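What follows draws every value from the coordinates through simple rules; no lab data is involved. Since we're looking at a predicted model, the values are computed, not measured. Here the Cβ is made from the backbone with ideal geometry for all residues, glycine too, and neighbour counts use every protein chain on show.
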Amino acid sequence: MGLFSREDKVDPNSESRDWQLVASIAQESLKEQKKARRWGIFFKLFFCIYIVIILVGVARQNSVSQYSVSQEHVGIIYLDGVISADEGANASDLVVALRAAFKNSSSKAVILAINSPGGSPVQSGYVYDEIRRLRAIYTNKKIYAVISDLGASGGYYIAAAADEIYADKSSLVGSIGVTAASFGFVELMEKLGVERRSYTSGEHKSFLDPFAPQREDEKVFWENVLSTTHNQFIQAVETGRGDRLVKGDEDLYSGLIWSGEQALGLGLIDGLGSAGYVAREVINVEQVVDYTLRPTPFEEFSRNFGISVGEGVGAVLNAVISKPIKLSY
């Protein structure tokens, strides 16, 4: 077998194929650039449409509000979800909305529409106190608390400040009590061979530490704190409801929860009906204007896309491991 030289192996058409390959690559590159431009135009157009929709919605909402507020109406404020400083149902937003509804001379009454399992005693107390203050200033304007699915714990605490409370016959009402829960990991740590190192400058500084053994004196102390907060809750309900409460029922302040029909019999509410029913039949005003403070469109957009999911998970883990227990109504 003879040896071939480099010249013998050269294909005379190789240069033509190289140019064809370059041309093909160039064409594919142009196609990709066109696709990228089309997608870029699509996303820009989508974003512009989204912004226009938001602006139109805001303008429509503002125009409706301006038109309605000048007429005789009932102001309504929605209290939805857990009552907490970092939630939609926070005292700051609720107080601003309540003040606006009371201040407007065209609002003949105010409805606080409640659907809440409760939450922070502090936030609930802020709203309760503000309602009492506004009632003392605007003596000719009533506020009605209307419970839909749930008005429990802090939700009922706030409702008790109203002139009258209404609920559906199947609503859940009450839960007049205080809770504070944690975990104990001491035995688990022993099994895993994990050593807890905690440095404090006070004897009881870490008494809520779930990784430390529970002391009897600290347990008694914490129960006294809960009892004091519970008594504050009871006092608020009795101040708000007065003689309408059924006296002598030992379960009333036990933390139990009742249906709206049962709550009516106990004096926890004044009647059965929805917010629409109260506006139409009790207040005798058809027009209802929403004074609830709501998130901006950007905040709502961010929430829908779950931007805060990671922060929420981190907050839960942090609360279990290192933060003090929170009281909750």
Amide proton proximity set for Gln287, modelled H, under 5 Å, gap of 5+:
Val74
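Please state the equivalent ellipsoid semi-axes for the stretch 204-289: what are the square roots of 5 times the Cα gyration tensor eigenvalues, largest first, in whole Å? Intermediate values should be presented prior to the final figure.
Details: eigenvalues 319, 57, 27 Å².
In descending order the semi-axes read 40, 17, 12 Å.
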What residues have an amide H closer than 5 Å to that of Ala109, excluding those fewer than 5 places away on the same chain, when H is modeled at 1.01 Å from N in the peptide plane?
Gly75
Amide H neighbours of Ala89 at under 5 Å, excluding residues fewer than 5 places away on the same chain, with H built from the backbone geometry, are Ser84
Taking R0 as 22 Å, what FRET efficiency do you get between Asp251 and Ser170 from their Cβ-Cβ distance, rounded to the nearest 0.05?
0.65
Would you kindly derive the ³J(HN,Hα) couplings of the stretch 218-233 from the backbone phi angles with the Karplus curve 6.51 cos²θ - 1.76 cosθ + 1.60 (θ = phi - 60°), listing them in order in whole Hz, with x for Gly and Pro?
6, 5, 4, 4, 5, 5, 5, 4, 5, 5, 4, 5, 4, 5, 5, 4
Just rank Val96, Val127, fewest to most, by other beta-carbon atoms within 10 angstrom.
Val96, Val127
Taking 0.36 nm per residue of sequence separation and subtracting the Cα-Cα distance, how much length would be gained by fully extending the chain between Glu195 and Leu293, in nm to one decimal?
30.5 nm
